[in-house]
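Here's the structure we're looking at; comments come further down.
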């Protein structure tokens, strides 16, 4: 069956309020940046010439309309972006820490993205995609969790490859054990996994080092993950400024990050990386991947992710193929 979409994603669409300075009165100034990991991924895929669509929900408010317009402008099909008449669009406050990490505070009790239900799914999208992508922010609460799991299983039955990014945000979970349980379900379903070093440490605290110092310190955790979930065909581990690794078909490959300065906001970098990997899988598949092809995939994804960090926000900060090529050259 010919697929109408390269990638369909389900999940959160929200406003990231990113600190962008101090006012004359000494108050912090925040910029309302459109975001949400699944749509960040789709926005980058659109820049790479892919056809994408989004399943999710926003509120019937100004922020919801802003998000709908921005995602549409990015080229993503939003025909199945639902609107909740009673619950407001989810908001996130993103503050950059001195060590380069980020602190997230969410206004989501509830938020519109949590209100997506099974009967609002669209089978045309789920049956018509080559890759279906999801994360765990759409698995924090029972209703949207049921919708997410139903969507994954329908897409899988239709022959889609399943892509998963845990995207762990501890403040959104009732308990971290709930998070572990839902992440484990996602790991059991996916063909393609993008996971950050801190998430690998969260899942395998006895094998990954506490200070997340070097990529090689995570080999035991990555191998334990692959042994526990043999369904995973391509595993990508990101280490921020320390680069990334790919594990596929018995190959284990590392590529360093691009450290050229100018980083202002790391929001969306991991999502950009994930999009570049999915673009590569659509182009080159998962079979018979040699070390050189995996390394080229990582270098491209690392370069694109670096470029995102030189701007604030995510959806509107995704680089063009020409910008990535210029950096690689």
(Q) With the requirement that a residue be assigned to a loop (DSSP other than H, G, I, E, B), out of contact with any strand residue (DSSP E or B) (no Cβ under 6 Å at 6 or more places or on another chain) and under 29 Å from residue 128 (Cβ atoms), what does the range 30-72 give you? (A) 48, 49
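Quick check on residue 40: is it in contact with a helix residue (DSSP H, G or I) (Cβ under 9 Å, 6 or more places away or on another chain), modelled with pLDDT under 95 and within 27 Å of residue 324 (Cβ to Cβ)? If you could, list the steps in order and put the result at the bottom.
Working: in contact with a helix residue (DSSP H, G or I) (Cβ under 9 Å, 6 or more places away or on another chain): yes; modelled with pLDDT under 95: no; within 27 Å of residue 324 (Cβ to Cβ): yes.
Judged against the criteria, residue 40 is not a match.
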Q: Take the residues in the range 107-120 that are surrounded by fewer than 19 Cβ atoms within 10 Å (Cβ to Cβ) and touching a helix residue (DSSP H, G or I) at 6+ places or on another chain (Cβ under 6 Å), then tell me which one is farthest from residue 158 (Cα to Cα).
A: 117
Q) Any idea which residue in the range 16-50 is surrounded by the most Cβ atoms within 10 Å (Cβ to Cβ), counting only those that are more than 17 Å from the chain's Cα centre (by Cα) and in contact (Cβ under 8 Å) with a residue 24 or more places away in the chain? A) 18
Q. Considering only the range 283-304, how many residues are touching a residue at least 40 places away in the same chain (Cβ under 8 Å) and surrounded by 16 or more Cβ atoms within 10 Å (Cβ to Cβ)?
A. 9
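From 259, 235, 278, grab the single residue that is farther than 23 Å from residue 220 by Cβ and not in a loop (DSSP other than H, G, I, E, B).
Residue meeting the stated conditions: 278.
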**Q.** Within the range 291-315, tally of residues that are touching a strand residue (DSSP E or B) at 6+ places or on another chain (Cβ under 7 Å) and more than 16 Å from residue 258 (Cα to Cα)
**A.** 6
Q: State whether one or more residues within the range 12-29 are modelled with pLDDT of 95 or more, within 22 Å of residue 131 (Cα to Cα) and touching a strand residue (DSSP E or B) at 6+ places or on another chain (Cβ under 9 Å).
A: yes
Q. Which of (1) under 20 Å from residue 222 (Cα atoms); (2) outside any helix (DSSP H, G or I); (3) more than 19 Å from the chain's Cα centre (by Cα) does residue 246 not meet, given it meets every other one?
A. (3)
Q | Members of the range 311-329 found to be outside any helix (DSSP H, G or I) and surrounded by 16 or more Cβ atoms within 10 Å (Cβ to Cβ), listed by number | A | 311, 312, 313, 314, 318, 319
Q | Residues (more than 25 Å from residue 171 (Cβ to Cβ) and either at pLDDT below 95 or touching a helix residue (DSSP H, G or I) at 6+ places or on another chain (Cβ under 8 Å) (or both)) located in the range 82-105 | A | 83
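The values are calculated or read from the model by the stated rules, or taken from the named source; none is laboratory data. Remember, predicted model here, so these are calculated numbers, not experimental data. Heads up, the Cβs are rebuilt from the backbone with ideal geometry, glycines too, and the neighbour counts pull from every protein chain shown.
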